[in-house]
């Protein structure tokens, strides 16, 4: 079954006024009821509507109309458009929240704020279909029902799907700096090797603490003198 032309009633008005097609042929082409087409011919239906020429708009060929006028059993065929329109991309707008679930929306917002602090406000608004004012009030604990709120998973509540939640969390993780969760790290070699242009460079600045002092040189022992003393007899008066 062919699709209906653009502005079917206006097209039917033009066909009634400018062709000898039957009511059934016009009704079949415009996807209208034959009695409605008869009403257009009698001036009872579509009064004030200006006829739309399907030949000029490229929806119907002139040869197709001529063939249908000769054969009352011929069905008009909508012409294939030669212009290819690009596919319309679906825009992710605010999510519709059922009335039965809207009372649970603040609990879901609180759950997202606590468990996924990396999510941006726009992402939370898309997931649960909330407003900036409500989200800010829950973040700042100024919501009228802050004391009665309890964190609840929005997927469990049916406010969003697990796929949508994972998608937003993954996107937030990519946008977040890589060292956002890290603590103190080592400085790069460019910083540590970059000496100041003025002032002396001390060991404490390089190593972080003073270098160990050199140990005093040990006194050289006279080995011959020690052994000569041990060889003397015990009763000698050597001093």
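What follows draws every value from the coordinates through simple rules; no lab data is involved. Nothing here was measured: the structure is a model prediction, and the numbers come from that model. Backbone-built Cβ (ideal geometry, glycine too); neighbour counts: all protein chains shown.
Observations
- Restricted to Cα atoms, the stretch 8-70 shows a radius of gyration and a Dmax of 10.7, 30 angstrom.
- Sequence-separation-based contact order of the stretch 99-174, relative, with Cα cut under 8 Å and 6+ spacing, percent: 44 percent
- Residues 63, 24 arranged by fewest to most Cβ contacts within 10 Å: 63, 24
- Cβ crowding within 10 Å ranks 171, 176 as 176, 171, fewest other Cβ atoms first.
- Note on the stretch 99-174: Rg/Rh from Cα positions, Kirkwood definition for Rh, rounded to two decimals, is 0.93.
- Stretching the chain fully between residue 42 and residue 173 yields a gain of 40.5 nm (0.36 nm per residue, less the alpha carbon separation).
- Neighbour-count ranking [beta-carbon atoms within 10 angstrom, fewest first] of 78, 112: 78, 112
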